[in-house]
Every structure is written in C-alpha cells, then in structure tokens.
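Each remark here refers to the structure printed beneath this line.
The values are calculated or read from the model by the stated rules, or taken from the named source; none is laboratory data. What you are looking at is a predicted structure, and each value in this text was computed from that prediction instead of being measured. Here the Cβ positions follow ideal geometry from the backbone for every residue, glycine too, while neighbour counts run over all protein chains shown. Surface areas here come from the heavy atoms of the whole protein model, side chains and all, with no ligands, DNA or RNA. Shrake-Rupley method; radii C 1.70, N 1.55, O 1.52, S 1.80 Å.
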Amino acid sequence: MAEFKHDHHPFSSVNLIEFMKGIPELQNAVQVERISKGYSLDHKFKVVTPHLGKVLLRVFPHSELQSKQTEVHLLERLRQMGVLCSAPLGIGELDENNGYMILSYLEGEDASEALPLLNEKQQWSIGMQAGAQLKNIHRLPVEKQAESWYSRKSRKHRRYVDKYRECSVVMKQDQAILSFIEDHLDCMKGRPDYFQHDDFHPANLVINQGELAGVIDFNRADQGDPVHEFLKLGLFATETSVPYSIGQVQGYFDGNEPNEEFWRMYSLYMAMALVSSVVWIQHVKPEETDEMMMKIDRVREDHDDFRNLIPRWYTVNR
C-alpha cells in the first residue's frame with residue numbers, strides 16, 4: 001500500500017489510490033506526495049516506485065492529452081540534444097476526465113529559492129549554465145510559420161495597447177514607453193524565429209548541490225525571436241539574483257558580451273511586456289496589481305523610461 005502525505009486538495013488519499021490503479025507504471029507505488037508549488041493547473045505528485053524510483057506524475061484534463069503528447073515528443077528531442085530536462089516515462093488516459101504524464105524527477109530545489117542562499121560567484125555560475133542551456137534549447141528545429149515574427153508580435157502588441165487604454169490603473173509616464181515601442185517596432189522585421197521555452201526564469205530551473213540540474217515546465221513552449229526569452233530577467237530574475245541574471249546573458253553568448261542589437265531588442269520586448277503585464281494582472285489577478293506595478297516601476301527605473309537600452313542592473317553591478 002502506498003504511503004500518502006495528506007494536505008488540503010481536491011483529490012482525497014482514497015482517490016489517489018484509485019488513480020494509481022489506473023496507471024500501469026505506478027501500480028506498485030510505495031510513496032505519493034502532492035506538489036502544490038507553481039501556477040500550473042495540473043495536479044502534480046512526487047511518486048516513488050520500486051522499479052522507476054522517484055518520478056513526477058502530472059494529472060491534467062483529458063482535453064489536453066494531445067498537447068501533452070506534443071510536450072512528451074518535445075522533451076524527447078530536447079534530451080537528445082543534451083538539454084538538461086526531465087525524461088518522459090509514460091503518458092495516457094486515466095479516465096474519461098483526466099490524462100496523466102510521468103516524467104523523471106529532477107532532484108534539487110527551485111532556483112528562485114536556492115539562488116539567494118548561494119554566494120554571488122555561484123549565482124553567476126548557475127546563470128552561465130542556464131544561458132548555455134537556453135542557447136541549446138533555441139537550437140531545436142521548428143516549422144516555418146505562415147506569418148513572420150514581426151507580424152505576429154506587432155499585432156499582439158496592438159491588441160494589448162487597446163486593452164491597456166481601457167485599464168483603470170496605468171503606468172506613470174506611459175507615453176514615453178508607448179512612443180519608444182512605436183519607434184522601434186520595425187526592428188523586429190527580419191528577426192530570427194526560433195523555438196522558445198517561453199517561461200525561462202529561476203522558478204522553472206532546478207538547482208542541486210550548487211549546480212544547474214535542469215529546466216522544467218515546457219508546457220508553454222512557443223517560437224519567436226530568441227531575445228524575447230530574456231524579458232523574464234527584468235521582470236522576475238533580477239529580483240531573485242542579479243549575478244544570476246548577468247550570468248544568463250553572458251552564458252548565452254559563450255562568455256562574451258552581447259552586442260547593441262541584443263540590448264535594443266531586449267529593451268523593446270521589455271517595454272512591450274510592461275504594457276501587457278498591466279493588462280494581464282488587472283484581468284487575471286487584480287489582487288496582485290500593486291505588486292505588479294512595483295515590478296514595472298523597477299524596470300522603468302532600470303531603463304530610465306527606455307532612454308537607456310542596457311538596464312542598470314547589468315551595468316552597475318559589474
């Protein structure tokens with residue numbers, strides 16, 4: 001009989017036991033522990049079995065089975081390329097309402113929690129490792145889109161601007177930011193259109209014994225300009241660790257400094273992200289609006305309302 005660690009959750013321990021009977025690979029589970037962290041709507045469990053060892057079980061709505069099968073194929077290809085990520089071990093239907101996916105378990109801690117406990121050199125080193133992983137991730141071949149990255153992204157931005165103008169809470173000095181974006185939109189023309197993780201930041205990285213153990217949560221994978229992947233640094237990663245953030249940039253460029261074009265595109269995507277973040281937070285998590293506006297103010301200060309392409313966190317801390 002499996003040992004279940006209890007907490008408040010839609011699944012009772014009895015339901016969990018029944019669920020395990022529907023998963024051939026996990027019928028002999030000896031321990032199951034719920035994982036409540038993260039924004040994913042999947043139900044996640046750490047499961048220990050005699051033959052597979054420790055694995056991650058994700059239970060998701062049956063309607064997502066096809067997209068999860070795509071994710072499994074994606075993880076297999078990424079691992080073949082040497083990307084540090086979970087190995088898919090099984091996927092299938094649990095019942096008429098749910099599907100399941102089994103992944104190898106990445107041992108370690110969430111980097112957003114582990115990084116501040118390390119010294120600055122270690123934080124920078126993990127950033128370097130993360131940047132190298134991100135560069136490798138971007139090598140995954142993707143199908144050519146019918147529309148260019150410029151067309152897709154500029155149209156999406158204009159939709160956000162329309163919604164932004166209807167928001168009750170807006171950015172200070174927002175005209176300077178909106179004008180900066182309009183003046184630089186054409187810079188996206190001809191930009192590369194690569195595979196993207198699309199949520200690459202410390203909360204989706206695992207650290208084990210001071211080293212990067214792997215990248216998780218590829219369920220939002222997309223494609224576009226690889227520089228777009230870096231905007232999470234300004235919004236999230238720099239709050240956790242500036243040395244890590246500097247390291248991620250340098251690691252991506254094999255230890256070298258990025259050129260001016262990188263910073264121009266980074267600033268453009270960062271400014272666009274501020275507009276979309278104002279809209280998103282008020283529509284999805286209005287109770288966190290104040291917290292998001294503080295992040296936005298910090299980014300604005302870092303770039304002096306985008307009069308500076310290179311953010312202060314990168315220049316001042318080196």
By the C-alpha gyration tensor axes a ≥ b ≥ c (rounded if a/c is under 1.5, else prolate when a/b exceeds b/c, else oblate), the shape of the stretch 173-318 is rounded
Computed over the chain: longest principal axis from alpha-carbon atoms vs helix 149-164 long axis, angle to nearest 10 degrees, is 80 degrees
The FRET efficiency for THR315 and GLN175, from their Cβ-Cβ distance with R0 = 25 Å and rounded to 0.05, is 0.45
With the convex hull built on the alpha-carbon atoms of the stretch 196-267, volume per residue in Å³ sits at 95 Å³
Contour minus Cα-Cα span, GLU261 to GLU182, at 0.36 nm per residue, comes to 26.8 nm
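Using a 1.4 Å probe on the protein heavy atoms, what percent of the accessible area of the chain belongs to carbon and sulfur?
48 percent
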Beyond 21 Å (Cα-Cα) in this structure, taken from LYS68/LYS232; LYS46/LYS121; LYS232/LYS285, we find LYS68/LYS232; LYS46/LYS121
In nanometres, the difference between 0.36 nm per residue of separation and the alpha-carbon distance of ILE35 and VAL161 is 41.7 nm
Looking only at aspartates and glutamates whose Cα falls under 20 Å of LYS156's and that sit 8 or more positions away or on another chain, we get GLU147, GLU166, ASP174, GLU182, ASP183, ASP186, ASP193, ASP198, ASP199, ASP222, ASP225, GLU229
Mean Cβ-within-10 Å packing, highest first, puts peptides 243-250, 41-48, 304-311 in the order 243-250, 41-48, 304-311
Computed for the chain: size of charge dipole around the Cα centre, +1 on C-beta of each Lys and Arg, -1 on C-beta of each Asp and Glu, debye to nearest 20, value 400 debye
Computed over the chain, protein heavy atoms only, probe 1.4 angstrom, the accessible area per residue in square angstrom equals 50 Å²
Neighbours of LYS172 by Cβ distance under 10 Å: Lys/Arg at +1, Asp/Glu at -1, summed charge -2
Using alpha-carbon coordinates alone, the radius of gyration and Dmax of the stretch 53-208 in Å work out to 20.0, 56
Taking a straight Cα-to-Cα line shorter than 18 Å from LYS144, and setting aside same-chain lysines fewer than 8 residues away, one finds LYS153, LYS189
The size of the Cβ-based charge dipole (Lys, Arg +1; Asp, Glu -1) of the stretch 52-180 about the Cα centre, to the nearest 20 debye, is 820 debye
With R₀ set to 35 angstrom, the calculated FRET efficiency between the beta-carbons of LYS189 and LYS21, to the nearest 0.05, is 0.05
Along the dipole axis of the chain (charges at Cβ: +1 for Lys and Arg, -1 for Asp and Glu; origin at the Cα centre), the most positive-end residue among MET294, HIS201, TYR100 is HIS201
Within the stretch 214-229, the residues whose backbone N lies under 19 Å from a label point placed 7 Å from the Cα of PHE253 along the Cα-to-Cβ direction are 225-229
Under 18 Å by backbone N from the virtual spin label 7 Å along Cα-to-Cβ at HIS62, the residues of the stretch 78-117 are 91-101
